[in-house]
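Participant: For reference, the structure I am asking about is given below.
The values are calculated or read from the model by the stated rules, or taken from the named source; none is laboratory data. Note that the structure is a prediction, hence the values are computed from the model and not measured. Don't worry about glycine lacking a Cβ; one is built from the backbone with ideal geometry, like all the others, and counts go over all protein chains shown.
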Amino acid sequence: MRDIDFVLHLPLRYEDETTLTPISALQPGCTAQTEGVVTGSEIAYRPRRQLLVTLHDDAEGQGQAAPALILRFLNFYGSQVTQMAAGKRLRVRGDVRGGFFGLEMVHPAVRVVGADTPLPQSLTPVYPATAGISQAYLRRVIDSALARTSLPELLPDAVTQAWLRPLGVPTLMDAVHILHHPRAGADESALMDGTHPAWTRIRFEELLAQQLSLKRAHAIRQARTAPAMPLQRKGGARNNDSLVARLLAGLPFALTRAQQRVVAEISHDLAQPHPMQRLLQGDVGSGKTVVAALAAAQAIDAGYQAALMAPTEILAGQHARKLRAWLEPLGVQVAWLAGGLKTKERRAALEATARGDAAFVIGTHAMIQDNVAFARLGLIIVDEQHRFGVEQRLALRAKAHDESDGREFQPHQLMMSATPIPRTLAMTYYADLDISTIDELPPGRTSVLTKLVSDARRDEVIARVRDAACAGRQIYWVCPLIEESEALQLQTAVETYEKLSAALPGLKVGLVHGRLSSADKAAVMEAFQRNDVQLLVATTVIEVGVDVPNASLMVIEHAERFGLAQLHQLRGRVGRGSAASACVLLYGGPLSAAGRARLRTMRETTNGFEIARRDLEIRGPGEFLGARQSGVAMLRFADLQRDAWLIEPARGAAQQLLRDWPQVVEQHLNRWLGTREQYLKT
């Protein structure tokens with residue numbers, strides 16, 4: 001590790017060892033540091049082997065009435081017995097509690113001292129550490145690195161005046177010294193809760209490094225070559241014979257204003273000779289698929305192939321059926337690539353893709369296998385992009401080349417997500433992407449009534465299912481597990497299927513889960529879409545992409561076990577037709593605080609952006625980012641909720657540095673990221 005890495009290994013918390021509390025003044029329930037002389041030490045064996053050390057305030061006048069402190073060690077070495085022998089003076093720190101023999105500390109921090117050993121003059125830092133590395137060692141190596149390290153101010157005066165001075169923060173070197181060695185009397189609460197100006201300076205520097213790295217990664221991608229795919233025009237107007245125009249004319253609905261806006265943004269990007277890197281986000285049912293279809297049509301018009309990759313066969317199959325219905329009547333061959341294909345079908349799809357006959361290829365991660373070759377892949381569309389790792393997305397991108405002259409280029413990329421990205425994440429972890437947002441739903445979508453129902457009222461829910469089916473509607477019943485788990489004790493999909501089949505003898509009940517073969521899953525889903533199955537019992541394989549307008553009731557078993565994003569996605573499977581729709585969240589008790597917060601959020605709002613904001617508050621950014629974590633260095637010091645106010649200054653400073661001081665950009669990134677920046681250049 002570099003010295004700078006040790007210097008920037010900052011404390012988790014602090015211990016106040018600058019004062020002593022006499023043993024006579026100790027109170028149960030407090031954490032304190034005290035000092036005294038050992039008057040007794042013994043190894044007891046009941047109820048278990050332990051070392052008991054008796055400590056008094058001083059060596060004189062230790063009658064039975066004199067207050068004593070018992071030090072209790074359940075695990076100890078022979079050297080500790082010698083260290084704490086009678087007559088030794090000890091300085092100890094720990095939690096005080098009442099014991100059988102009076103006040104005691106269990107496994108306190110212990111130090112042998114003299115009568116005149118001075119107290120520290122600053123708070124004692126406690127650092128993040130892995131097993132086997134002691135705090136004493138960390139303090140020693142960090143202090144050594146601190147003595148050798150100088151942290152000159154890198155930011156030019158113009159940047160400092162514009163963005164740092166208004167924050168009222170110290171220099172970086174002063175901030176580091178304050179955090180490693182806070183002076184006695186320092187505002188310990190401000191140090192602990194992150195509001196101290198020294199922490200503000202560190203977090204600004206880290207956010208600035210993140211902004212610089214992502215914006216520079218974006219600029220690097222912009223400098224690469226991609227095929228320009230302008231809209232086909234005649235005399236300055238759109239060519240009505242183009243695939244884009246014919247697709248628009250053939251759609252059985254009109255695009256919303258939001259869809260028209262994002263289509264224009266994507267179309268502009270595709271016309272450029274550098275790769276599009278755009279995230280299309282929109283709530284469940286907002287119409288992202290037709291936007292993707294129009295992007296693919298523009299690529300096909302320009303003579304290139306488009307590929308759409310989805311994380312599950314159910315979702316990919318849903319896309320394939322919808323896109324084939326739109327595009328094949330217009331003369332576009334659509335190929336389907338997934339793991340469950342028969343050998344003959346797979347060979348035909350591979351050949352059509354390699355020859356370029358298949359202009360649009362849709363499938364799962366089976367598309368990135370070595371034997372899949374494209375003739376002229378120009379546009380990659382990745383649905384539910386957070387479910388794919390960086391390596392999988394790169395593997396698909398690597399299949400792009402121009403067969404006519406062997407020229408290498410980077411294809412345009414459109415990533416789609418039905419989990420809206422909260423603004424703070426969009427400005428930080430997604431700062432390297434252009435983002436298009438569909439912020440309105442198509443007309444005809446009905447609102448979904450959400451109800452929280454205790455598992456004790458299961459019979460009422462089953463009766464509601466019967467009523468919905470008798471009214472000609474279809475129902476989903478979602479379970480979190482396939483097989484019994486003793487640890488979680490959840491209802492399983494198989495068991496629920498059997499019980500519901502018995503309780504509802506007049507209904508056709510289907511079952512779908514991840515361990516079914518692809519053919520069996522497809523058969524069940526097709527039967528549900530035809531209304532041959534009225535009640536579908538499923539695991540979360542139906543979370544995304546399933547579109548059955550006649551389904552008006554969703555029951556989610558053990559809803560408290562699901563994340564907010566999953567619950568919102570599942571609820572989005574209903575409300576797609578004209579009938580009033582409902583989502584019943586069945587929960588078992590008692591609920592955890594986080595589980596209660598999730599269910600309350602689902603009951604209070606159907607707005608995906610508000611749900612995403614609350615989800616970020618509950619979980620933090622880690623799970624939100626999904627596979628993207630492997631491509632972006634996580635923030636160590638900044639917190640997106642607490643420090644959101646620092647993002648704008650960091651963005652402004654980053655833009656100024658990139659424009660006017662590129663040499664400072666390099667120095668700042670080397671200081672804060674070192675070699676980690678390479679992961680951003682994909």
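Participant: What are the residues in the range 349-369 that are outside any loop (DSSP other than H, G, I, E, B), of a type outside the set (Lys, Arg) and loosely packed, with under 15 Cβ neighbours inside 10 Å, if any?
Facilitator: Start the filter on the range 349-369 by keeping residues that are outside any loop (DSSP other than H, G, I, E, B), which leaves 349-355, 360-363, 365-368.
Filter once more, keeping what is of a type outside the set (Lys, Arg): 349-354, 360-363, 365-368.
Listed by number, the list holds a single entry, Glu351.
Participant: Checking Val555 against (1) at pLDDT 95 or above; (2) within 21 Å of Val284 (Cα to Cα); (3) surrounded by fewer than 23 Cβ atoms within 10 Å (Cβ to Cβ): exactly one of these is not met. Which one?
Facilitator: Here Val555 clears every test but (3).
Participant: If you don't mind, another one. Which residue pairs have Cβ atoms closer than 8 Å, lie 6 or more positions apart in sequence or on different chains, and pair a first residue in the range 414-436 that is without any contact (Cβ under 8 Å) to a residue 12 or more places away in the chain with a second residue that is surrounded by fewer than 22 Cβ atoms within 10 Å (Cβ to Cβ) and part of a strand (DSSP E or B)?
Facilitator: Every condition considered, the pairs that remain are Ala426/Ile435.
Participant: Quick check on the range 485-508. Is at least one of its residues at pLDDT 80 or above, closer than 30 Å to Gln641 by Cβ, in contact with a helix residue (DSSP H, G or I) (Cβ under 8 Å, 6 or more places away or on another chain) and assigned to a loop (DSSP other than H, G, I, E, B)?
Facilitator: Just the residues of the range 485-508 that are at pLDDT 80 or above, to begin with: 493-508.
Checking which are closer than 30 Å to Gln641 by Cβ leaves us with none.
No, the range 485-508 has no match at all.
Participant: I would also like to ask the following. Of the residues Gly98, Gly87, only one is exposed (fewer than 13 other Cβ atoms within 10 Å of the Cβ) and assigned to a loop (DSSP other than H, G, I, E, B); which?
Facilitator: Numbers: Gly98 fails: assigned to a loop (DSSP other than H, G, I, E, B).
Answer to the selection: Gly87.
Participant: Moving on. Among the residues of the range 144-166, which ones are exposed (fewer than 14 other Cβ atoms within 10 Å of the Cβ) and of a type outside the set (Ser, Thr, Tyr)?
Facilitator: Ala147, Arg148, Pro152, Glu153, Asp157, Ala158, Gln161, Arg165, Pro166
Participant: Something else about it: Since Leu214 meets every condition but one in (1) farther than 30 Å from Pro649 by Cβ; (2) touching a residue at least 12 places away in the same chain (Cβ under 8 Å), which condition does it not meet?
Facilitator: (1)
Participant: If you don't mind, there's one more thing I want to ask. Scan the range 263-284 for residues that are modelled with pLDDT of 95 or more and in contact with a Lys or Arg (Cβ under 9 Å, 6 or more places away or on another chain) and jot them down.
Facilitator: Residues satisfying the conditions are Glu265, Ile266, Asp269.
Participant: Kindly list, by first and then second residue, each pair from a residue in the range 1-22 that is within 17 Å of Phe637 (Cβ to Cβ) to a residue that is of a type in the set (Lys, Arg), limited to pairs with Cβ atoms under 7 Å and residues at least 6 apart or on different chains.
Facilitator: Ile4/Arg671
Participant: Output the number of the condition that Asp439 fails; it satisfies all remaining conditions of (1) modelled with pLDDT of 75 or more; (2) over 18 Å from Ala612 (Cβ atoms).
Facilitator: The single condition Asp439 does not satisfy is (2).
Participant: Considering only residues that are surrounded by 15 or more Cβ atoms within 10 Å (Cβ to Cβ), of a type outside the set (A, V, I, L, M, F, W, C) and either under 18 Å from Glu15 (Cβ atoms) or modelled with pLDDT under 90 (or both), which ones fall in the range 101-110?
Facilitator: Pro108
Participant: Of the conditions (1) free of Cβ contacts under 8 Å to residues at least 60 places away in the same chain; (2) outside the structural domain of Phe73 (by TED's automatic domain parsing), Leu90 fails just one. Which one is it?
Facilitator: Single failed check for Leu90: (2).
Participant: If a residue has to be touching a residue at least 12 places away in the same chain (Cβ under 8 Å) and part of a helix (DSSP H, G or I) to count, how many in the range 661-678 make the cut? First the steps, then the outcome.
Facilitator: Of all residues in the range 661-678, those touching a residue at least 12 places away in the same chain (Cβ under 8 Å) come to 661, 664-665, 667-669, 671-674, 676-677.
Checking which are part of a helix (DSSP H, G or I) leaves us with 664-665, 667-669, 671-672, 674, 676-677.
Count: 10.
Participant: Output the number of the condition that Phe100 fails; it satisfies all remaining conditions of (1) within 19 Å of Val38 (Cβ to Cβ); (2) more than 43 Å from the chain's Cα centre (by Cα).
Facilitator: Result: Phe100 passes all but (1).
Participant: Being touching a helix residue (DSSP H, G or I) at 6+ places or on another chain (Cβ under 9 Å), of a type in the set (A, V, I, L, M, F, W, C) and not assigned by TED's automatic domain parsing to the domain that holds Glu35 narrows it down to one residue among Val112, Val141; which is it? Break it down stepwise before answering.
Facilitator: On the way: Val112 fails: not assigned by TED's automatic domain parsing to the domain that holds Glu35.
Every option except Val141 fails the conditions.
Participant: I'd like to check which strands (runs of 3 or more DSSP E) are fully inside the range 1-84 and have at least 1 residues that are of a type in the set (Lys, Arg). Before you say what the answer is, go through the steps one by one.
Facilitator: On the way: elements: 13-15, 31-44, 50-56, 68-73.
The qualifying strands (runs of 3 or more DSSP E) are 13-15, 68-73.
Participant: Say whether the condition of being surrounded by fewer than 15 Cβ atoms within 10 Å (Cβ to Cβ) and at pLDDT below 85 is met by at least one residue in the range 648-657.
Facilitator: The first filter runs over the range 648-657 and keeps only residues surrounded by fewer than 15 Cβ atoms within 10 Å (Cβ to Cβ), leaving 648, 655.
Narrowing further to those that are at pLDDT below 85: none.
Within the range 648-657, none of the residues are surrounded by fewer than 15 Cβ atoms within 10 Å (Cβ to Cβ) and at pLDDT below 85.
Participant: To continue, here is another question. Which members of the range 109-135 meet the condition of being part of a loop (DSSP other than H, G, I, E, B) and either without any contact (Cβ under 8 Å) to a residue 24 or more places away in the chain or small (Gly, Ala, Ser) (or both)? Please lay out each step first, then the result.
Facilitator: To start, the set of residues in the range 109-135 that are part of a loop (DSSP other than H, G, I, E, B) comprises 113-121, 123, 127-134.
Gly114, Ala115, Asp116, Pro118, Ala129, Thr130, Ala131, Gly132, Ile133, Ser134 - these are the residues of the range 109-135 that are part of a loop (DSSP other than H, G, I, E, B) and either without any contact (Cβ under 8 Å) to a residue 24 or more places away in the chain or small (Gly, Ala, Ser) (or both).
Participant: Residue by residue through the range 319-348, note down the ones that are among the polar types (S, T, N, Q) and crowded, with 19+ Cβ neighbours inside 10 Å. If you could, list the steps in order and put the result at the bottom.
Facilitator: Narrowing the range 319-348 to residues among the polar types (S, T, N, Q): 333, 343.
Those that are among the polar types (S, T, N, Q) and crowded, with 19+ Cβ neighbours inside 10 Å: none in the range 319-348.
Participant: Right, another one. One residue is enough: does the range 227-242 have a residue meeting the conditions assigned to a helix (DSSP H, G or I) and farther than 28 Å from Arg659 by Cβ? Lay out the reasoning, then the answer.
Facilitator: Just the residues of the range 227-242 that are assigned to a helix (DSSP H, G or I), to begin with: none.
For the range 227-242, residues assigned to a helix (DSSP H, G or I) and farther than 28 Å from Arg659 by Cβ: absent.
Participant: Moving on. Are any residues in the range 592-609 loosely packed, with under 15 Cβ neighbours inside 10 Å and either touching a Leu at 6+ places or on another chain (Cβ under 7 Å) or acidic (Asp, Glu) (or both), and if so, which ones?
Facilitator: Passing the criteria: Arg603, Glu604.
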